[in-house]
Amino acid sequence: MTHDTGSDEMLEAAARAYARGLPELPAALDDRVMAVVRGRPVPAVPRPRHMPNVWRWLVEPKQVRPAFAVPLAAAAALALFFVARQTAPRAASAPAVAAALPADTIYVRFELAAPAARNVALAGSFNSWGEQSIVLARGVGGTWSVTVALPVGEHRYQFVVDGERWVSDPTAHAQVADGFGVTNSVIVVSPRGVVRS
Amino acid sequence: MPVHEADRVEAADGAVVRRVLGGDVEAYRILVERYRRQFGRYAVSLLGDADLAADAVQEAFIRAFDSLGSCREPDRFGAWFYRILTNQCHTVRTRSGARRDTVPVEDAGLTSRERADAGLEQGELAARLEAALDQLTPEQREAFVLKYVDERSYEEMAALLDVSADALKMRVHRAREALRAIMGAAR
Amino acid sequence: MILLVRILSGFAVAWLLAMVVSAPAPLLAQAAAVHTQLAARGLPADLTVAVESLAARAGAQGLPWEPLADKAIEGWAKHVPAARIVAAVRVFAGRMGEGRSAVRGAGVAEPDAALIRAAAEALGSGLAQPEIGAVVRAAPRLALAAPALTVAAALRAQGFSSEQAVAVVAESMRGGRTMTQLLDIPQAARAMQLQGMPPGEIGRRILRAPPHGTIMPGVPGMPPGGMLPGGMPPGGMPPPLPRQPIQPPIMLNPMP
């Protein structure tokens, strides 16, 4: 294949001229993006719909309202049915998905029942105690929630209700003194995830 | 709130993504600045208009933020964002109609926009290239722009597009052949 | 009176300057870093100066400064009065020193920042220096020492006695538990507490769990936290996710 060096040179000259004519986008664009993004909820991660609810029912049987007991029992029975039919190769494919994410980041869901609140935020060691940087979304029945990606290890936090009341998380693993006369909620995130009770 | 110098120099994409997901929304600016600089001109090239490109880039950053939790490989945020941006540019292009209604290459010099480099011959050449690029397939155009306009190495391009360097070399080769044919025929 | 205050504050500033000027380069960089962090969060100048001086002193002793800056930021976010913040930072700095002594006494010559911090938090939860030493000595690998202290502190905070907290963690490590299994302990203990189990029983169950299984009563290992969504951007088809098997609520067969 012969190359026409003349037209090669022309092409490259054209590309350079063309490139020179392409403007950079202005830095003000960054400001516009940030202005919009600040008003959005912190990006959430699709939460798993299987494990946690069944799990919670298991570990706190007294707290399950009778209305939920039967459908959940049915779901558990169904789950048993499914697992009994699972073959080993299925389980082997799960680690491949797990490997795609950095191993030390776990998605953790935070919830607070606060029907009378106007807004609820989460402040903790993982976001430098920023009072409004993680905002919870209000759900059915006045339960607020958010899912956050956290590294493995211990985290201390509190909910901030209506911008002024700092409230502990009753489902946290422990409550510790914060050194200022109040308590912090503590969760210890394991590589296997977080189980709430 | 200004971004710390230390953040600007050191924070890798993966670390920043994790910070944002952890609630530090302001840190997203690091990614916005970084990739506006990296892909801005590419977007202008795809759309032929700096204002349209700014809109597309802005929209792409907002979409990327909203679905940041779905970014499977935070360390490769750039490649993930690049695809979002390309999709968005495509959307904007089709939304605004065929931007250049197949302007004949011979006439392109007469309708060229102002260029920073005012040389008439240069401007004309650039305009002809711009029109010719429009007639390439999307992959060829993308490969040619990344290689000759952004001046990226094949390794960089492979990382960005998730395509082998060899396949990219072939695309660039075909793009050059096509461009030579289009622009040569116009002489 | 005002003159006296002015002179005193002038001395404070001069002293700080003298410390800064006479400090070696890394400490100067550190002082700048503390200042930047605190100022970025809006802490007022006098509070920042006080915290910086505590951080500088800690740094000069080879202790990490980040936990002190974090504490100050936490206090400021919680609208705690400045004097109280300074007091809390001073207390934590002291705990870091004591914690480091405890860890050194257990045979770790140069504990890293994470270990020092974990030891300080453990002291704050009510564990004493000898107990911290016991936990560290029971760790088969240095990497387990900090998480072990974190878990022991969490157990203490949950209401276990120091002896119980130390025993559970130390025995778990001696029994060959991995870091993951250690980190599972606080949540498992909490779940069992809510079921009404007494601490002794909880401790026994935790230690009785099979080496590669989970410690939750009667349940095999949990799946990794969170379903991992596909990474396709909007406008692209998400790839089909491999399905995670749903774990049964009771153990059918022991996992291998």
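Every number in this text was worked out from the coordinates using simple rules, so none of it is lab data. Not measured: the values here are computed from a predicted model. Note that we place each Cβ from the backbone using ideal geometry, even for glycine, and neighbour counts take in every protein chain shown.
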Computed E for A:A177/A:R40 - FRET, C-beta separation, R0 45 angstrom, nearest 0.05: 0.80
Segment C:E163-C:Q195, extension gain: residue separation times 0.36 nm, minus the distance between their alpha carbons: 9.3 nm
Residues whose placed amide H lies under 5 Å from that of A:V189, excluding near-sequence neighbours: A:G153, A:E154, A:H155
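Can you pull the mean other chain C-beta count within 10 Å for peptide C:69-80?
Taking all residues of C:69-80 together, the mean is 5.
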Pair B:A15, B:A159: separation of 7 Å Cα→Cβ label points (nm): 1.6 nm
Residues with amide H under 5 Å from that of A:N119, placed H, sequence gap 5 or more: A:D162
